[in-house]
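Down below is the structure, laid out as structure tokens.
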Amino acid sequence: MHRFVRMFAMAVAAVTAAIVIPAPASANPVGGAHLWLRADVGVTVNGTSVSAWLDQSGNARNGTMSLASRQPQLVQGQINGLPVIRFSGAQSLGLTSPVNPYTFTVFVVGKNSKTSGFSMILGPGGNYANNQLRWENSSQALLVGTGNSFPAVTSNVGSTMVYHALSATYDGSTLRVYRDGALTSTHTFATSGGWTLAQIGAWYSSYFMVGDLAEVIVYPTKLSDTDRQTTGKYLGVKYNLPW
């Protein structure tokens, strides 16, 4: 009898050991963002026209556009049942206060819909320097910062024409670019000032995005790999992306 009990207990232990319970998904990104825009919260609309996209970081770097003809559209149910802000080639939102990180981590969930030429994600406006994050074409992303020794960096990130998470980190000497959490390129250089981004969807109100944005998060530091994965998994689960 005792032998049977011991054998049964060993069998239960073996089965229990084989059961792998996945870690719970992160409910939120890590804190400390200087800009956090999400299309499912804090969007001010008239019909579907977006006049304001409110910063959820607590820093009030809101994206705004008072001119109705220049307002992007809120489109429901586009990515995992969630909305996006859609830019169609003549729309933009100006940040009430630009982000200006010397080191950074940036996350963008969205897709490019421009079939030729570049599609601006975050760019310059007003008298700010020509600093940019953009989809360069259907398979590449580009980051650049004129006036602060940030060279034009192009990364082959795979198709930009489908929804994905584009991210990048910079620690003052090394820039790393990622697609859905997978490293796509590494670049070494030293900047001489902050990377100033003042506008969503446009370059000086002259060149624009054609595409969708679901979420944008900018941190003023290079996140640790653990924190980068935490925020990335939050986005991956939320938008059903392969992070």
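Read-outs: derived from the displayed coordinates by stated rules, not from any lab. Just so it is clear, the model here is predicted, and its values are computed rather than measured. So basically every Cβ, Gly included, is an ideal-geometry build from the backbone, and we count neighbours across all protein chains shown.
Brief remarks on what is shown
- With the gyration tensor restricted to C-alpha atoms of the stretch 121-172, the semi-axes of the equivalent ellipsoid amount to 21, 13, 9 Å, longest first.
- For the stretch 51-67, backbone phi angles converted through the Karplus equation (6.51, -1.76, 1.60; θ = phi - 60°) give residue-by-residue couplings of 9, 8, 10, 7, 5, 8, 7, x, 9, 6, 8, 7, x, 9, 7, 7, 7 Hz, Gly and Pro being listed as x.
- Net charge of neighbours whose Cβ lies under 13 Å from the Cβ of G236, counting Lys and Arg as +1 and Asp and Glu as -1: +2
- Bridging of K233 to lysines at a Cα separation below 21 Å is possible for K111, K222, once same-chain residues fewer than 8 apart are set aside.
- Percent RCO, i.e. relative contact order, over the stretch 129-243, from Cα pairs under 8 Å lying at least 6 residues apart: 20 percent
- Straight-line cross-link partners of K114 among the aspartates and glutamates, defined as a Cα under 17 Å from its Cα and at least 8 positions apart when in the same chain: E136, D212.
- The ranking of E215, E136 from fewest to most other beta carbons within 10 Å of each one's beta carbon is E136, E215.
- Degrees separating the helix 2-18 axis from the principal Cα axis of the chain, which is the longest one: 10 degrees
- C-alpha long axis of helix 225-239 to longest principal axis of the chain, angle in °: 80 degrees
- Rounded to the nearest angstrom and listed largest first, the equivalent-ellipsoid semi-axes of the chain from its Cα gyration tensor are 38, 21, 16.
- Evaluating 6.51 cos²θ - 1.76 cosθ + 1.60 at θ = phi - 60° for every residue in the stretch 216-224, the Karplus couplings come out as 9, 10, 10, 10, x, 7, 6, 5, 4 Hz, glycine and proline recorded as x.
- Gaussian network model of the chain, Cα within-10 Å springs - most flexible of L54, L213, L183: L183
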